[in-house]
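Participant: Attaching a single structure in structure tokens format; questions to follow.
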Amino acid sequence: MRAIDWALLSTFLPLATALLLVLVSPLRRTGLGAGLVSVVSAVATFVGAVMVLASRFGAEAGVVHRTIQWLPHSALGGVAHGRGAIELGVHVDGISATMLVVVTFVALCVQVFSIGYMAEEPKADFGRYFTWQSLFLFAMNSLVIAPNLLQLFLGWELVGLVSYLLIGYWWKKPSAARAALKAFWITKFADMGLLAGLIVLFLATGTFDWTVTTAAAGTVTLLLFVAVMGKSAQFPLHIWLPDAMEGPTPVSALLHAATMVAAGVFLVVRAFPLFEQAPNTLTVMAYVGSFTALFAAVVAVVQTDIKKVLAYSTCSQLGYMVCALGAGSQAAGFFHLTTHAFFKALLFLAAGSLIHGVHSNELSHMGGLLKKMKVTSGAFIIGSLALAGVPGLAGFFSKDLILEEVLHRGLWAPLGALLVAAFLTAFYMGRVMWVALLGEPSEHAKHAHESGPSMLAPLIGLSVLAIGVGYFGGTLSGLYGEPVHFHLSAIGIVATVLGLSGLGISYWMFGAPQGGKAILEAFAPVGRLARSGAVNGFFAWSYRSVMTRVAAAIGWFDRYVIDGLINGIAYGTLEAGSRLRVIQTGRVQDYVYVVVAAMLLIGLYGAFWGR
């Protein structure tokens, strides 16, 4: 089979699986049967993605681009672009091949983990869960292989819809239903930027290609970045992501590791030829990304829910990626997306295993779990150290590359923010490790036990990648078209020292008896501010005090001006018709008189004024 065939298999097999589970309701309602069908499909999908990646090193190493005409139209492209239709198809290069492997492997791990984690769910709900999992995988893969921005937009919107369904899986729980709606509407608000960007791009170029050269690149890329801010949770549109933790923990791993939130970063990577034409947009991205990295890291420090810590950590790491792309390095941003996908999926699934053991998300309900859950705890430690940027693990390589690129561009303020965020990342992950794994056991933790094989197997696989994938950075970056060579620079040494210091200080404050108690008390006001939800409060105030009033004004204008004008014209037409109706007598004699009179008038006009 060719690379394009494997890509199509990886994309449409999950769709076929989802349709099978929808149409064959007895299979879906068996629960475990639906789960096994979905997992087998995910295995085949991952194999197809691996074959696509393998083709990058073989005879099909070039770009594979195959499209068909979808919407023919004479106005599309015309003479300038030689096109007369909007196209759908497949685009396979190093970027899409790598992303396919990342997405399918994480999705496979999540589905295998879910077999054990969701085992106590009602059978019908269990089947519904795996139906949505398969549909989500189709949506994400269709986005990845898109040959143009319009098809990417279609996959982007479907990803948002299925994410809403997965976040709200426990829809009878009010907080889960609200979280799903919040995620949906915040991202839909941001998606208007992507839609507007596509319109501007089409009007300027007659195409939806991301490789075109256009004077409108600045406008287009700024609009696209608005959508990126929503999907990839950049400040201030990050507020949906922590609330999305109301969904099942495997869903959190799927959405917040390699898939939904990474879609925004992938959009920038995919459309990087457009972004390179807009240096001002790149500068905005660098500053927004670095601020998000720092802000989210500060908030993560004071969270007491283990999933909320990881959620804000995801915001922070996405900020790193966006800042790297803003610094002009496609390879650095995309490589961190790759490494982060593995160690963050590992962290979420390991956290799910810990939660499964103590039946609580709260760190205060954990403690001493290293002794009772050795495999899970070991996996969580590996993920935490990779996230903290400890040398030798995956996160170290990609973070170092980002910091070097930001330094090379002379972006001093973003560089400072990223360095502080690096320290805080190590600090808050150290806090979680010391409290949850080594702290004094709580009543909940006393009854904890290790998870089953279906939950541990994905942790082992992801742990291997969280350790080793960083060593393949040179090879992977070559696939992106921007080869890099890793070396430990001065900025890398500084970041490493900061990370190790964060781990050490977190141990002194949370691991050693009574250590750092005075510092904790001194920073209590910062904690209260971070937990206050000021950004959420601002959005709520904006909605109640600004948006509702603007909407009311627009509604009044629409009702009384626009509708009034249309209704007035309609009333005038009806009134004129009713008044003219009296001349329609229905008698032939009257119509003959009118015709004769008209002929006489025409004749008189011709005799006296027509000369």
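The values are calculated or read from the model by the stated rules, or taken from the named source; none is laboratory data. These figures come from a predicted structure and were not determined experimentally. With ideal geometry, Cβ positions are generated from the backbone for all residues, glycine too; neighbour counts draw on all protein chains shown. Accessible surface is based on the protein model in full, side chains and every heavy atom, while ligands, DNA and RNA are left aside. Shrake-Rupley method; radii C 1.70, N 1.55, O 1.52, S 1.80 Å.
Participant: Please return the ranges of helices (runs of 4 or more DSSP H) entirely within segment 64-173 where 3 or more residues are closer than 21 Å to LEU19 by Cβ and modelled with pLDDT of 90 or more. Explain how you work it out, then say what you get.
Facilitator: Details: elements: 78-81, 94-117, 123-144, 149-167.
Of the helices (runs of 4 or more DSSP H) lying wholly inside segment 64-173, those with at least 3 residues that are closer than 21 Å to LEU19 by Cβ and modelled with pLDDT of 90 or more span 94-117, 123-144, 149-167.
Participant: Name the single residue that is surrounded by the most Cβ atoms within 10 Å (Cβ to Cβ) among those in segment 457-512 being over 24 Å from GLU404 (Cβ atoms) and touching a Lys or Arg at 6+ places or on another chain (Cβ under 8 Å). Please lay out each step first, then the result.
Facilitator: Step one: of segment 457-512, the residues over 24 Å from GLU404 (Cβ atoms) are 457-464, 504-512.
Okay, now just the ones that are also touching a Lys or Arg at 6+ places or on another chain (Cβ under 8 Å), so 506, 509-510.
Numbers: SER506: 25, MET509: 20, PHE510: 20.
Applying the filter and picking the extreme gives SER506.
Participant: Does LEU411 qualify as being open to solvent by 40 Å² or more (accessible area, probe 1.4 Å) and either closer than 18 Å to SER501 by Cβ or touching a residue at least 60 places away in the same chain (Cβ under 8 Å) (or both)? Write out each step before concluding.
Facilitator: Details: open to solvent by 40 Å² or more (accessible area, probe 1.4 Å): no; either closer than 18 Å to SER501 by Cβ or touching a residue at least 60 places away in the same chain (Cβ under 8 Å) (or both): yes.
The answer is no for LEU411.
Participant: State the number of residues belonging to segment 209-226 that are modelled with pLDDT under 90 and farther than 21 Å from ILE145 by Cα. Outline the logic, then answer.
Facilitator: Our first condition is that a residue be modelled with pLDDT under 90; within segment 209-226, this holds for 209-218.
Imposing the further condition that a residue be farther than 21 Å from ILE145 by Cα reduces the set to 213-218.
Adding up the residues that qualify gives 6.
Participant: For segment 568-591, enumerate the residues that are open to solvent by 80 Å² or more (accessible area, probe 1.4 Å) and of a type outside the set (Ser, Thr, Tyr). Full working, then the answer.
Facilitator: Step one: list which residues in segment 568-591 are open to solvent by 80 Å² or more (accessible area, probe 1.4 Å), which gives 569, 571, 573-574, 579-584, 587-589, 591.
Once the filter is applied, which keeps residues that are open to solvent by 80 Å² or more (accessible area, probe 1.4 Å) and of a type outside the set (Ser, Thr, Tyr), segment 568-591 yields ILE569, LEU574, ARG579, LEU580, ARG581, VAL582, ILE583, GLN584, ARG587, VAL588, GLN589.
Participant: All but one of (1) within 22 Å of PRO236 (Cβ to Cβ); (2) under 12 Å from the mean Cα position of the chain (by Cα) hold for MET140, so report the exception by its number.
Facilitator: Exception for MET140: condition (1).
Participant: Would you point out which residue out of PHE189, PHE184, PHE266 is out of contact with any strand residue (DSSP E or B) (no Cβ under 9 Å at 6 or more places or on another chain) and over 25 Å from TYR320 (Cβ atoms)?
Facilitator: On the way: PHE189 fails: over 25 Å from TYR320 (Cβ atoms); PHE266 fails: over 25 Å from TYR320 (Cβ atoms).
The conditions single out PHE184.
Participant: Test LEU194 against the stated conditions and say whether it is open to solvent by 10 Å² or more (accessible area, probe 1.4 Å) and under 21 Å from TRP70 (Cα atoms).
Facilitator: Values: open to solvent by 10 Å² or more (accessible area, probe 1.4 Å): no; under 21 Å from TRP70 (Cα atoms): yes.
So LEU194 fails the test.
Per-residue answers, yes or no, for (1) hydroxyl-bearing (Ser, Thr, Tyr); (2) surrounded by fewer than 15 Cβ atoms within 10 Å (Cβ to Cβ); (3) part of a helix (DSSP H, G or I):
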site: THR17; (1), (2), (3): yes, no, yes
site: VAL22; (1), (2), (3): no, no, yes
site: PRO26; (1), (2), (3): no, yes, yes
site: VAL39; (1), (2), (3): no, no, yes
site: ALA54; (1), (2), (3): no, yes, yes
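Participant: Regarding segment 592-599, can at least one residue be identified that is loosely packed, with under 11 Cβ neighbours inside 10 Å, modelled with pLDDT under 85 and outside any helix (DSSP H, G or I)?
Facilitator: Within segment 592-599, none of the residues are loosely packed, with under 11 Cβ neighbours inside 10 Å, modelled with pLDDT under 85 and outside any helix (DSSP H, G or I).
Participant: Anything in segment 206-238 that is touching a residue at least 60 places away in the same chain (Cβ under 8 Å), of a type in the set (Gly, Ala, Ser) and under 24 Å from LEU71 (Cβ atoms)? List them, or say none.
Facilitator: GLY206, ALA227
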